[in-house]
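Asker: Take a look at this one; I'll ask things after.
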Amino acid sequence: MAKINLKLLKIEAKKEIKKTESLDYLNKIFDKYLGKKGIVSEVLRSLKSLPQTKRKKTGEAANDFKREIGELIEERKKIFQNAGYKIQDTHFDITAPGKKPVSGHLHPLTLARKEVEEIFENMGFSVVEGPEMESEWYNFDALNIPKDHPARDQWDTFYLENGLLLRTHTSPVQVRYMEKNNPPLRIITIGRVFRHEATDASHEVNFYQLDGLMVGKDVNVANFKAVIQEFFRRFFEKPVKIRLIPSFFPFVEPGFQVDMTCLNCEGKGCSVCSQTGWLEMMGAGMVHPNVFKNSGLNPKFWQGWAFGMGFDRLAMMKYKINDIRLFYSGDLRFLNQF
Ligand code: DAH
């Protein structure tokens, strides 16, 4: 047997133990030095062939090595075990499927909003905004709804301590915009509105509206029909027809309700449209002369149309959602579908 220098071997073994990063490797070190077929066993087996004087010394050194290195290995083992290291931790399976990072996504109302804005922008409309906390003047008076007008009942709201109120519709934005911008103009606004009313599957105290306005020298109802029909066609990606039915809103004259062919039965009549083939979509009309006056424009020079509709309803129809409250519930089972 080649001569083994136990002193040098001990230094080497200590270094190796220090460097180990896994139990697995530590066990290998144990086998190499202290195992049945390890170096120390070999030394002990070879003792009988040594002269008497050397035998005792070498035997002591070998046992010393065994004890010291054995203790160091035990210590190191404990460190791994306490840190929760396991033999398996040192391997990792490159064929295992990866964990997909959870990424966020847009709310259905935001998705619908982006689409609507894009469609109108492509038709030359600007997207504008107005305050949710509004004055009585813009929410009512400027839109030709004076204090004693019964139409105020329809738009009951939350009155704030600072004298303002939460807007009940996005129509005040029309007045605000006309005050600052000269016609010809084309705008839409999408925003949050509030109503003091009971909540159910189609009513919320807080919801969204889309209002539009087009003003020029000779802007008329034919323009309105063309723009709105095209908007619905692009938004629902289906050919649709619209029809106008006389209706009343204080801020337009004449005023109308706009119906669209039922998307479910394509006008044939079904339970969704109560067998009529039509769905009621929005209120609209030709801007009332008083609204022009209240916005600083001369109704003799300008004419135009305006419309307003529930934006949640539009998104509900597009994505086939049957309860408006889902938009505001924060329920991930609903939201993760988008
Ligand atoms: N602001 C109305 C509402 O909240 C909807 C509406 C009707 C808006 C006719 C308009 C319009 O701009 O011309 O019910």
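The values are calculated or read from the model by the stated rules, or taken from the named source; none is laboratory data. Keep in mind it's a predicted model, so treat the numbers as computed, not measured. Methodologically, a virtual Cβ is constructed for each residue, glycine included, from the backbone with ideal geometry; neighbour enumeration extends over all protein chains shown. Note: areas computed on protein heavy atoms with side chains; ligands, DNA, RNA excluded. Shrake-Rupley method; radii C 1.70, N 1.55, O 1.52, S 1.80 Å.
Asker: Whole angstrom only: what separates the Cα centroid of the range 178-233 from the Cα centroid of the range 303-337?
Answerer: Cα centroid to Cα centroid, the span is 15 Å.
Asker: Return the FRET efficiency for the residue pair E74, K37: r is the Cβ-Cβ distance, R0 is 22 Å, and the value is rounded to the nearest 0.05.
Answerer: About 0.60, to the nearest 0.05.
Asker: When only DSSP loop residues count, what GluC sites (Glu not before Pro) in the range 151-210 have their Cβ near at most 16 other Cβ atoms within 10 Å?
Answerer: Here the sparse-neighbourhood loop sites are E161, E197.
Asker: Can you tell me which lysines have their Cα less than 23 Å from the Cα of K56? Leave out same-chain residues fewer than eight positions away.
Answerer: K3, K7, K10, K36, K37, K48, K66
Asker: Can I ask one more? Based on the Cβ-Cβ distance from R325 to N220, what FRET efficiency comes out when R0 is 41 Å, to the nearest 0.05?
Answerer: The computed FRET efficiency comes out at 0.55.
Asker: Leaving ligands, DNA and RNA out of it, report the carbon-plus-sulfur percent of the accessible area of the range 35-186 at a 1.4 Å probe. Walk me through the intermediate numbers first.
Answerer: Values: 5270 of 10030 Å².
It is 53 percent, rounded to a whole number.
Asker: Restrict the search to the range 308-338; then list the trypsin sites (Lys or Arg not before Pro) that DSSP places in a loop and that have at most 16 other Cβ atoms within 10 Å of their Cβ.
Answerer: For trypsin sites (Lys or Arg not before Pro) across the range 308-338 that sit outside H, G, I, E and B with at most 16 neighbouring Cβ atoms in 10 Å, the list reads K320, R325.
Asker: Continuing with this model, one more query. Take the range 232-338, drop everything but the C-alpha atoms, weight them equally and run the Debye formula without solvent; then report log10 I(q)/I(0) at 0.11, 0.12, 0.21 Å⁻¹ to two decimals.
Answerer: Values, matching the q order: -0.49, -0.57, -1.08.
Asker: Return the loop-located GluC sites (Glu not before Pro) in the range 232-289 (DSSP other than H, G, I, E, B) with at most 15 other Cβ atoms within 10 Å of their own Cβ; answer none if there are none.
Answerer: Hits after loop and neighbour filter: E237, E266.
Asker: For K293, list the lysines whose Cα falls under 16 Å from its own Cα; do not include residues on the same chain fewer than 8 positions away.
Answerer: Candidates past the 8-residue exclusion: K180, K217.
Asker: Let me ask something additional. Counting heavy atoms of the protein chains only and a 1.4 Å probe, report the per residue accessible area for the chain as a whole number of Å².
Answerer: Here the per-residue accessible area is 58 Å².
Asker: Dividing the alpha-carbon Rg of the chain by 2.2 N^0.38 Å yields what?
Answerer: In units of the 2.2 N^0.38 Å rule of thumb, it is 2.02.
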